[in-house]
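K.L.:
Here it is, the structure in full.
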Amino acid sequence: MTCRLATRAPEPPVPARAIRRRCDTLLALSGASNGRLSVEGFKQLEKRTGRPLVHLAEGSEERRITYADTQSRPVAVITSPEWSGSETGGRQYAPFTMNIEELVPFHTLTGRMHFFLDHDWIEELGEQLPIYRPPLDLTRLFEESALGTNRAGIGLTVRYLTPHSKWSIHSEYQDNLFMLSLSRGGPTMWMSPNDAAKIDVRDNDWIEAVNRNGVIVARAVVSHRMPDGVVYVYHAQERTIDVPLTEKTGKRGGIHNSLTRVLIKPTHLAGGYAQLSFAFNYLGPTGNQRDEVTVVRRRSQEVTY
């Protein structure tokens, strides 16, 4: 593999002091890293729920986690009403700890954990209980190539999934030198031996995946654990380390979400109804954008950064 420097003028780097200020600002706004906010948040939650909760963060009022702290060592966060778990007393985080142990009502209409939804729209669509919905036919909807299509010079059409990583929380732990040394040193795409053979890809080859949403460059992880017709790009491999320019656009290769887009379901629009109300991050309880279609091909192994 030959690496050539890009001819474009690099963007001026952001000063380290500015990065530190931005990160410290964000850390100051969260109860998980600002003890005073955590205690104040629990006081407000006590008024809403009628439950004693301040003890979960009491004594942390003067504690602040700064960007410098996170650079020097792993830092345990402060128990905060922003999340449902508790780290009080040095315990490990587990979801819904406050709901089960402290009797904080769940964020549902009844305040209890439940799976049945009685909203009229959801009843009409037959989704009152968790059910299986097959993947959308993206060939009909968006004229994507049919699954299994393998055209010379274009590539193999596969289902593209972005599951949560087993080795990281978002990019945390995955982008550090130790973990990168244990893996491939950058973004990867997992695929089956049969699919890899169809496009002449061997383990660790550079590949490129393209669909109507974008493009991603990654190394192939050829594994017998993968079913034919499906590829994985694990969630939150950030575009910061070992990401070459793409042959498709000439721009920096994308991240896992470069090929995905949120598709709104009618059930996502049933707002103002307890846990169905709109919340930042997802439009609803499903991650349906994580089931896409893309065309994968072996690209030139002479990459340019």
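K.L.:
For a quick check: sort His224, His119 by the number of other beta carbons within 10 angstrom, fewest at the front.
P.N.:
His224, His119
K.L.:
Between Phe115 and Asp203, what length in nm is gained on full extension when 0.36 nm per residue of separation is reduced by their alpha carbon distance?
P.N.:
Residue separation times 0.36 nm, minus the Cα-Cα distance, leaves 27.5 nm.
K.L.:
What FRET efficiency, computed as 1/(1 + (r/R0)^6) with R0 = 22 Å and r the Cβ-Cβ distance, is obtained for Leu125 and Gln275, rounded to the nearest 0.05?
P.N.:
Calculated value: 0.85.
K.L.:
May I pose another question? Under a plain spin-label model, where a point goes 7 Å from the Cα along Cα-to-Cβ, how far apart in nm are Val230 and Tyr305?
P.N.:
Modelled inter-label distance: 3.4 nm.
K.L.:
Now for a different question. Just the number, please: percent antiparallel of the DSSP beta bridges in region 156-290, rounded to the nearest 5.
P.N.:
55
K.L.:
Limiting things to C-alpha atoms, what are the Rg and the maximum Cα-Cα separation (Dmax) for region 140-209, in angstroms?
P.N.:
Using the Cα atoms of region 140-209, the pair Rg, Dmax is 15.0, 44 Å.
K.L.:
If you don't mind, another one. Counting pairs of alpha carbon atoms under 8 Å apart in space and at least six apart in sequence, what relative contact order in percent does region 138-298 give?
P.N.:
That works out to 32 percent.
K.L.:
Let me ask something else. Loop-only GluC sites (Glu not before Pro) in region 151-239, please: DSSP not H, G, I, E or B, and at most 16 other Cβ atoms within 10 Å.
P.N.:
Glu238
K.L.:
Considering the zone a paramagnetic label at Leu103 would reach in this model (a point 7 Å from Cα along the Cα-to-Cβ line), which residues of region 42-77 have amide N under 16 Å from it?
P.N.:
Under cut-off, by backbone N: 46-55.
K.L.:
Can you sort Thr294, Thr157, Thr49 from fewest to most other Cβ atoms within 10 Å of each residue's own Cβ?
P.N.:
In increasing order of surrounding Cβ atoms, one gets Thr49, Thr157, Thr294.
K.L.:
Tally Lys and Arg at +1 and Asp and Glu at -1 over the other residues with C-beta under 9 Å from the C-beta of Val296: what net charge comes out?
P.N.:
With Lys, Arg at +1 and Asp, Glu at -1, the net is 0.
K.L.:
Between region 19-42 and region 99-134, how far is it from one alpha carbon centroid to the other, in angstrom?
P.N.:
32
K.L.:
What is the calculated FRET efficiency for Ala152 to Ser183, with r their C-beta to C-beta distance and R₀ = 35 Å, to the nearest 0.05?
P.N.:
According to the calculation, E is roughly 0.65.
K.L.:
Taking every pair of Cα atoms in the chain, average 1/r, invert it to obtain the Kirkwood radius, and report Rg/Rh to two decimals.
P.N.:
1.02
K.L.:
Quick one: angle between helix 16-28 and the longest Cα principal axis of the chain, in degrees between 0 and 90, rounded to 10, please.
P.N.:
40
K.L.:
Compute the Kirkwood hydrodynamic radius of region 23-125, taking the inverse of the mean of 1/r over all pairs of distinct Cα atoms, and give it in Å to one decimal.
P.N.:
15.1
K.L.:
So if each residue of separation counts as 0.36 nm, and I subtract the Cα-Cα distance between Thr25 and Ile169, what length gain in nm does that give?
P.N.:
Between Thr25 and Ile169, full extension yields 49.7 nm more.
K.L.:
Moving to a separate point now. When DSSP assigns beta bridges and you keep just the ones with both residues in the chain, what percent turn out antiparallel, to the nearest 5?
P.N.:
For the chain, the DSSP antiparallel bridge percentage is about 70.
K.L.:
Place a point 7 Å from the Cα of Val14 along the Cα-to-Cβ direction; which residues of region 240-267 have their backbone N under 15 Å from it?
P.N.:
Once the point is set 7 Å along Cα→Cβ of Val14, 240-241 turn out to lie under 15 Å by backbone N, inside region 240-267.
K.L.:
Still on this structure, please answer the following. Let me check against my output: what whole-number percent is the relative contact order of the chain, with C-alpha pairs under 8 Å and at least 6 apart?
P.N.:
This gives 18 percent for the chain.
K.L.:
Around Arg63, with a cut-off of 14 angstrom between Cβ atoms, what is the net charge of the other residues, counting Lys and Arg +1 and Asp and Glu -1?
P.N.:
Charge balance in the 14 Å sphere: -4.
K.L.:
Can you list residues whose amide H is under 5 Å from Val215's amide H, if they're 5+ apart or on another chain and H is modeled 1.01 Å from N?
P.N.:
Answer set, sorted by chain and number: Gly254.
K.L.:
So if each residue of separation counts as 0.36 nm, and I subtract the Cα-Cα distance between Gln71 and Val262, what length gain in nm does that give?
P.N.:
Extra length available between Gln71 and Val262 comes to 65.4 nm.
K.L.:
Based on DSSP H runs of at least 4 residues, each adding -39500 (n - 2.57), what is the mean residue ellipticity at 222 nm of the chain after dividing by all its residues, to the nearest 500 deg cm²/dmol?
P.N.:
Computed ellipticity for the chain at 222 nm equals -5000 deg cm²/dmol.
K.L.:
If I fit a long axis through the Cα atoms of helix 35-49 and take the longest principal axis of the Cα atoms of the chain, what angle between them do I get, 0 to 90°, rounded to 10?
P.N.:
Helix 35-49 sits at roughly 70 degrees to that axis.
K.L.:
For the residue pair Lys43 and Leu141, what label-to-label distance in nm results when each label sits 7 Å from Cα along the Cα-to-beta-carbon direction?
P.N.:
4.8
K.L.:
Counting other C-beta atoms within 10 Å, and keeping those with at most 15, which DSSP coil trypsin sites (Lys or Arg not before Pro) do you find in region 84-182?
P.N.:
Loop-located and lightly packed - Arg91, Arg112, Lys166.
Computed from the coordinates by the stated procedures, all read-outs in this text should not be read as laboratory data. Owing to the predicted nature of the structure, the values given are computational and were not obtained by experimental measurement. Glycine gets a Cβ as well: all are built from the backbone with ideal geometry, and neighbour counts include every protein chain shown.
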